[in-house]
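Working notes for the structure below.
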Amino acid sequence: MTLDLARRRRARPAVLTLTLLALTPTGCGEDAPDQCPPEIEAGLVDLNAHPDGDGWAFTGTTEGGADRAGSPCGGAGVSDVVHRFVAPAAGGYKFSTADSPARWNTVIHFRPRCDQPSARLNCNNDSAYPPFSEQTLALAADEPVYVFVDGVTPTDVGRYTLTVTPR
Ligand SMILES: [Ca+2]
């Protein structure tokens, strides 16, 4: 009897360990860390590092860059630049290329995570001020978004300014 109880006490921690292992996420869920593919991480622009007035603004060029992704609005086979923005507070944020220094047909498309090619929050071509692109997203506090500045056809490349304005 005493020996049986001792065995049961020894056995209990093993059962607990197995239960905890079964509950541990395996790394594929929503909470898994976002692993940027190397081709995106290499040229990633941190938009939050470029404050401008009430928002943020970054000027760059897509010319000579890599084609990392396309979207239903265009951009497949066209060089692009990827930007990461983390919302400092919950609210709407307008992403726009309307302040670009050169006129060319931009497309912007978004991902909630940079390691999920099929996950697109939205995309835009020519909404407010053709040939520029504009899209407002509702973001939670500390929510990241990956913004691709892209072109409609392979000749649609050049200098752009991407602005982010709280709405
Ligand atoms: Ca592209």
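Every number here is computed from the coordinates shown, using simple stated rules; none is lab data. What you see is a predicted model, and the numbers here were worked out from it, not measured in a lab. Ideal geometry is used to build each Cβ from the backbone, glycine not excepted, and the neighbour counts take in all protein chains shown.
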Task: In order through the stretch 93-103: 3J(HN,Hα) via Karplus (6.51 cos²θ - 1.76 cosθ + 1.60), integer Hz, x for Gly, Pro - done: 9, 9, 9, 8, 10, 5, 8, 4, x, 9, 8
TODO: Would you please state the base-10 log of I(q)/I(0) at q = 0.30 1/Å for the stretch 91-146, with intensities from the Debye formula using one equal scatterer on every alpha carbon?
DONE: -1.15
Task: Extent along principal axes [Cα atoms of the stretch 38-166; Å; largest to smallest] - done: 37, 29, 23
Task: For R68, net neighbour charge (Lys/Arg +1, Asp/Glu -1) across residues whose Cβ lies under 11 Å away - done: -4
Open item on the list: What value in Å³ per residue do you get for the convex hull of the alpha-carbon atoms in the stretch 58-107?
Closed with: 112
- [ ] Give a residue-ordered list of calculated ³J(HN,Hα) values for the stretch 35-50 (Karplus: 6.51 cos²θ - 1.76 cosθ + 1.60, θ = phi - 60°; whole Hz; x for Gly, Pro).
- [x] 9, 5, x, x, 5, 8, 4, 4, x, 5, 9, 8, 4, 5, 7, 10
